[in-house]
Amino acid sequence: MVVFWFPVDPSKSYIKRVIGLPGDVVEVDNGTVFVNGKTLREDYVPDEYRDRMSMSPYTVGPEEYFVLGDHRSSSNDSRSWGAVPRSYIYGKAVFVYWPLAKVGVLR
């Protein structure tokens, strides 16, 4: 989980999960994410937050990162606006404080 300036409007900060590193090929088929042709196991995305969106293969460029939100059915993420430039990333999220029922260390 990284914290970064939103590429479309750098006055806003986003927190998303890094799915693809530079050089990786990311594809989404009916909601299932593939990285370099292998299915990504995503136990952290609850069934009620999944969607059935598809996306053609995307090769992550040098100094870029492909990010997805865990609430896929309503997430504004790399599927919509592309990868995040490395220079826009300024932190790593390590702790959940809201909702209170889920307070703890991120996995």
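FYI, it's all coordinate maths here, none of it is from the lab. In this text the structure is predicted, and so the values were computed from the model without any measurement. Virtual Cβ from ideal backbone geometry, glycine too; neighbours counted across all protein chains shown.
Tabulated data for the structure shown
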quantity: With at most 14 neighbouring Cβ atoms within 10 Å, loop chymotrypsin sites (Phe, Trp or Tyr not before Pro) (DSSP) excluded, longest segment of the chain; calculated: 45-96
quantity: Stretch gain in nm, segment Ser80-Ala93, where the contour uses 0.36 nm per residue and the Cα spacing is subtracted; calculated: 2.5 nm
quantity: Cα-based convex hull volume of the range 10-67 per residue, rounded to whole Å³; calculated: 103 Å³
quantity: Value of relative contact order over the chain, rounded to a whole percent, pairs C-alpha under 8 Å and six or more apart; calculated: 30 percent
quantity: Hz values of 3J(HN,Hα) by residue in the range 41-58 - Karplus curve (6.51, -1.76, 1.60), Gly and Pro given as x; calculated: 7, 10, 5, 7, 9, x, 3, 5, 9, 6, 9, 10, 5, 10, 8, 4, x, 10
quantity: Helix-only CD estimate at 222 nm, as mean residue ellipticity for the chain, using -39500 (n - 2.57) per DSSP H run (n ≥ 4); calculated: -500 deg cm²/dmol
quantity: Those trypsin sites (Lys or Arg not before Pro) in the range 3-104 that DSSP places in a loop and that have at most 11 other beta carbons within 10 Å; calculated: Lys12, Arg41, Arg52
